[in-house]
Amino acid sequence: MSSTTQTAPIPLSRKPAGRVDPGAKTACIRTFGCQMNVHDSDRIRRMIQDAGYAEVQRYEDADLVILNTCYVRENAVDRVKGHLGELNRLRREGRVKKVALTGCIGAAEESAALRQTYDIDLVLGTHNTYELAEFVGLPTMQETYTPELPGTEGGHNAFVTIMTGCNYQCSYCIVPTVRGRMVCRPMGSVIGEVEDLVAGGTGYVTLLGQTVDAWRHEGKRFCDLLEAVSESAPRVWFTTSHPSNMENRTLKAIGERDAIVKRLHLPVQSGSDRMLKVMHRGYKAERYKRKIDVFREAAPEGTLSTDIIVGHPGESEEDHEQTLRLVEDCAFDSAYIFKFSPRLGTEAATLPGTVPDAVVQRRFLEVLRQVEQNAFRRNQRKVGGEEEIYIRHGSTEDGKAIGETWSGHAVHVNTDAAPGKYVKARIVSAGPHVLYAGEPATSV
Ligand code: SAM
Ligand code: SF4
């Protein structure tokens, strides 16, 4: 794998503008897909704010609507088409003036047809988002196909991109096509951004990339970067990792370093070696399980999540059984389970052995049930314990805030503590997806 870098940051403001003049032009940004897209939307947000737009939440209030999109599965495209249809109607009524489509759909061939069908004003991929600047009236920006871009808007938690693109070629995945090959950001630049964010009040930093653990630069590897970040930031997490790149020393660092949240997201995709080979994942189930053993030993209270695809072409009943066995063996705390979705331009879209929809649905439910049973059992073990909880989202009308323990469990907790604060509370019950803290929490 190679990693290249370029250093020419887009000159955008680091923080979003505060109040905006009531006569300002307005823009609405909708984000579809993963955290990378959420992060890209933050950059887009700062571009439009620097151009004098006020951000609004409803399409009907917006002069400009930007749909920042995902192309990983067909249902993501269907959702975007629904929004484009609605926007056409609003444009005919004179309520929306311009529509821009950005992100992964914008980078896919299908975007040309969408542009015609829905009469979209601007289509941008993931590598030329900077062209939006000119469209909204900012000075023309240079090509900066590099993660060397300003990070998220700060606040109590922030994403920091450490690499973009992906050098793998998984049979089913469109990401390498729409996001290009891996580009790693220099360590100094990452640490500089983390230090700036922490100085500005950020208490939780998430390192982002399609395969974060593949990060390397000038002889340094991901674990070196993670350790350095954990010395600068009070709370750190990272996503997404690839099993082939995950080093034992990273797994051990999760357990050893206080600032790292003890939560590992390590997508396995299948429990069958035959399917892992067809998918070009580059590891076998046994090797994956050995990594999980290292993680469980390093962080026994930690949480483990994964991604699983059911119904990839050629997946037999025996392959599916092996996935169920792996789910049982690894006792995941949660999983994103996806039904295979053929993406034009990927190898899997041309493979024989389509799995009938009814079979895919049954396998999906079987994997889901297995994951939930394990997660429920593991969550029950937390009941009765006292936890230090980081508040992610402040309390709603029912007085419940949503927080995260150091082991990475999501918790509903009675507190009016603001996002970014820590509270202590006892866990009184647990479901398969979340823990519940009973008593009013005390601030830490
Ligand atoms: N880079 C990450 C990795 O390799 O694990 C994942 C990135 S991908 C955006 C997130 C997840 O979407 C994948 O782990 C996979 O489970 C799922 N996915 C990707 N392409 C898919 C497809 N064509 N059909 C169904 N699920 C898919
Ligand atoms: Fe897609 Fe595979 Fe790259 Fe993940 S590692 S982004 S699944 S090609």
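The values are calculated or read from the model by the stated rules, or taken from the named source; none is laboratory data. Note that the structure is predicted; figures quoted are calculated from it, not measured. So basically every Cβ, Gly included, is an ideal-geometry build from the backbone, and we count neighbours across all protein chains shown.
Restricting to segment 109-139, count the residues that are assigned to a helix (DSSP H, G or I) and modelled with pLDDT of 85 or more.
Final tally of qualifying residues: 8.
Filter segment 361-410 for residues that are under 25 Å from residue 312 (Cα atoms) and surrounded by 19 or more Cβ atoms within 10 Å (Cβ to Cβ) and give the result. Walk me through it before giving the result.
Looking only at segment 361-410, we keep the residues that are under 25 Å from residue 312 (Cα atoms), and these are 361-375.
Of everything in segment 361-410, those that are under 25 Å from residue 312 (Cα atoms) and surrounded by 19 or more Cβ atoms within 10 Å (Cβ to Cβ) turn out to be 363, 367, 370, 371, 374, 375.
Going through segment 282-321 one residue at a time, which ones are within 30 Å of residue 406 (Cα to Cα), within 16 Å of ligand 2 (Cβ to nearest atom) and either among the hydroxyl-bearing types (Ser, Thr, Tyr) or within 23 Å of the chain's Cα centre (by Cα) (or both)?
Passing the criteria: 283, 288, 291, 305, 306, 307, 308, 309.
As an exercise: evaluate residue 257 against (1) among the basic types (Lys, Arg); (2) touching an Asp or Glu at 6+ places or on another chain (Cβ under 8 Å); (3) at pLDDT 95 or above; (4) closer than 30 Å to residue 108 by Cα and give the number of the one condition it does not meet.
Against the list (1) among the basic types (Lys, Arg); (2) touching an Asp or Glu at 6+ places or on another chain (Cβ under 8 Å); (3) at pLDDT 95 or above; (4) closer than 30 Å to residue 108 by Cα, residue 257 comes up short only on (4).
On the given criteria, is residue 302 within 16 Å of ligand 1 (Cβ to nearest atom) and of a type outside the set (Ser, Thr, Tyr)?
So residue 302 does not fit the description; no.
Find the residue count for segment 201-216, including only residues that are farther than 18 Å from residue 266 by Cβ and either hydroxyl-bearing (Ser, Thr, Tyr) or within 11 Å of ligand 1 (Cβ to nearest atom) (or both).
Summing the residues that are farther than 18 Å from residue 266 by Cβ and either hydroxyl-bearing (Ser, Thr, Tyr) or within 11 Å of ligand 1 (Cβ to nearest atom) (or both) in segment 201-216 gives 2.
Show the residue pairs meeting these rules: Cβ distance below 6 Å; 6+ apart or different chains; first residue within segment 280-291 and of a type outside the set (Lys, Arg); second residue more than 16 Å from ligand 2 (Cβ to nearest atom) and in a helix (DSSP H, G or I).
From residues that are of a type outside the set (Lys, Arg), the pairs are 285/273; 285/326.
Against the definition (outside any loop (DSSP other than H, G, I, E, B), at pLDDT below 95, of a type in the set (Lys, Arg) and buried (at least 22 other Cβ atoms within 10 Å of the Cβ)), how does residue 79 come out, yes or no?
No: the conditions fail for residue 79.
Which condition does residue 372 not pass, out of (1) of a type in the set (Asp, Glu); (2) under 18 Å from residue 327 (Cβ atoms); (3) touching a Phe, Trp or Tyr at 6+ places or on another chain (Cβ under 7 Å), if it passes all the others?
So the condition that residue 372 fails would be (3).
Here are 407, 395: which of them is modelled with pLDDT of 95 or more and either more than 13 Å from residue 436 (Cβ to Cβ) or not in a loop (DSSP other than H, G, I, E, B) (or both)?
Answer to the check: 407.
Would you mind telling me which numbered condition in (1) under 30 Å from residue 340 (Cα atoms); (2) surrounded by fewer than 22 Cβ atoms within 10 Å (Cβ to Cβ) residue 104 fails?
Failing condition for residue 104: (2).
So which of 405, 415, 396 is among the β-branched types (Val, Ile, Thr) and within 26 Å of residue 253 (Cβ to Cβ)?
Details: 415 fails: within 26 Å of residue 253 (Cβ to Cβ); 396 fails: within 26 Å of residue 253 (Cβ to Cβ).
Answer to the selection: 405.
Tell me, which helices (runs of 4 or more DSSP H) wholly within segment 278-383 include 1 or more residues that are modelled with pLDDT of 95 or more and touching a Ser or Thr at 6+ places or on another chain (Cβ under 6 Å)?
Answer list for segment 278-383: 317-330.
With the structure loaded, tell me whether residue 75 is touching an Asp or Glu at 6+ places or on another chain (Cβ under 7 Å) and within 23 Å of residue 173 (Cα to Cα) or whether it fails that test.
On the way: touching an Asp or Glu at 6+ places or on another chain (Cβ under 7 Å): no; within 23 Å of residue 173 (Cα to Cα): yes.
The answer is no for residue 75.
If you check every pair at least six apart or on different chains, which have Cβ atoms under 8 Å apart with a residue in segment 175-194 that is on the phi > 0 side of the Ramachandran plot first and a residue that is assigned to a loop (DSSP other than H, G, I, E, B) second?
180/126; 180/127; 180/145; 180/165
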